[in-house]
1. For the residues M132, M163, what sequence is obtained by ranking on other C-beta atoms within 10 Å, fewest first?
2. For the chain, what does -39500 (n - 2.57) per DSSP helix run (n ≥ 4), summed and divided by total residues, give at 222 nm, in deg cm²/dmol to the nearest 500?
3. State the antiparallel share, in %, of DSSP beta bridges confined to the chain, rounding to the nearest 5.
4. In the neighborhood of L233, defined by Cβ-to-Cβ distances under 14 Å, what is the net charge if each Lys or Arg adds +1 and each Asp or Glu adds -1?
5. What percent does the relative contact order of region 59-152 come to when contacts are Cα pairs within less than 8 Å and at least six residues apart?
6. Count the net charge of all other residues whose Cβ sits under 12 Å from the Cβ of A193, scoring Lys and Arg as +1 and Asp and Glu as -1.
7. Would you look at the GNM of the chain, springs on alpha carbons closer than 10 Å, and say which of R53, R75, R171 moves the most?
8. Show me the helices of the chain, taken as full DSSP H stretches, that run 24 Å or more along their long axis by Cα and average 0.0 or above in Kyte-Doolittle hydropathy.
Amino acid sequence: MSDVATTQISLFDARDATSVPTVRHSRRARRLSVRVFPGGRVEVVVPPRTPERTVREFLELHQDWIEARRQHAQRDRPPPPAFPPAAIELPAFCESWSLRAVPGPGRVRLAQVAAGELEHRGEPAGRALRPMLRAWVRARCVAQLGPWLDALARETGLCYARMAIRRQRTRWGSCSTRGTISLNASLAFQRPAVVRYLLLHELAHTRHMNHAAGFWRLVAQHEPGWRSLDRELTGGWRHVPHWMFDDGD
Ligand SMILES: [Zn+2]
């Protein structure tokens, strides 16, 4: 990327930080353009060496349009996701769990009270509940992904040594030279077909420790639709609930 640092121009209401447009100098920009993001942030993209006066005039000329778009964007802003959630969906395992609060004294506890039913007891749920939910998702992954990986290994004849469930922010899985397959706990929030593809992908790495043609041939042998599933997995982060990574306030 050739874009350089951003600057700010004080033309709009300084009391509202989102109304102050961010100016981004882009080497590839041919003309001035303005964007209003969801939430109301305004960004002006300007070609290199554009005088500040030109930017100012451009913004003044379009001020009404920007302001209208900004108010629209702010109105449409989705409310912050509720926590704790009333239910947790784990599409990978076709599971749906309700989450019920039972307020009372003592520290926070999380319990599976029946199939598909979770309860958290104790002090009104604050920060303590999030790590517990994450540990619970991880446990669901150990219980479900383990047998799934075993079944796929038998089906494909690809052997692995050990499975580990991790909570990573950037990768869905990995395979070590010793044959340890690490899987991301957030796979629980993906479609079964996508999860199956990732398991296959990592199993194929037990034979090819690279992404060369031979590797993809092996993957395609067991999953002809791997391309679209791989793409879907890349965008799969948006299905992961915020509490898997955020600790809240
Ligand atoms: Zn890979």
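Bear in mind these aren't lab numbers, they're just calculated from the coordinates by the rules spelled out. Note that the coordinates shown come from a computational prediction; the quantities given were computed from them, not determined experimentally. Heads up, the Cβs are rebuilt from the backbone with ideal geometry, glycines too, and the neighbour counts pull from every protein chain shown.
1. M132, M163
2. Numbers: 6 runs with 84 residues, N = 249.
The helix-only estimate for the chain comes to -11000 deg cm²/dmol at 222 nm.
3. Numbers: 19 of 34 bridges.
Roughly 55 percent of the DSSP beta bridges within the chain come out antiparallel.
4. On the way: positive: R171, R191, R196, R227, R231, R238; negative: E202, E223, D230, E232.
Residues close to L233 contribute a combined charge of +2.
5. 17 percent
6. Values: positive: R191, R196; negative: E223, D230, E232.
Overall, the nearby charge balance is -1.
7. Greatest mean-square fluctuation among the candidates belongs to R53.
8. Correct list, ordered by number: 129-156.
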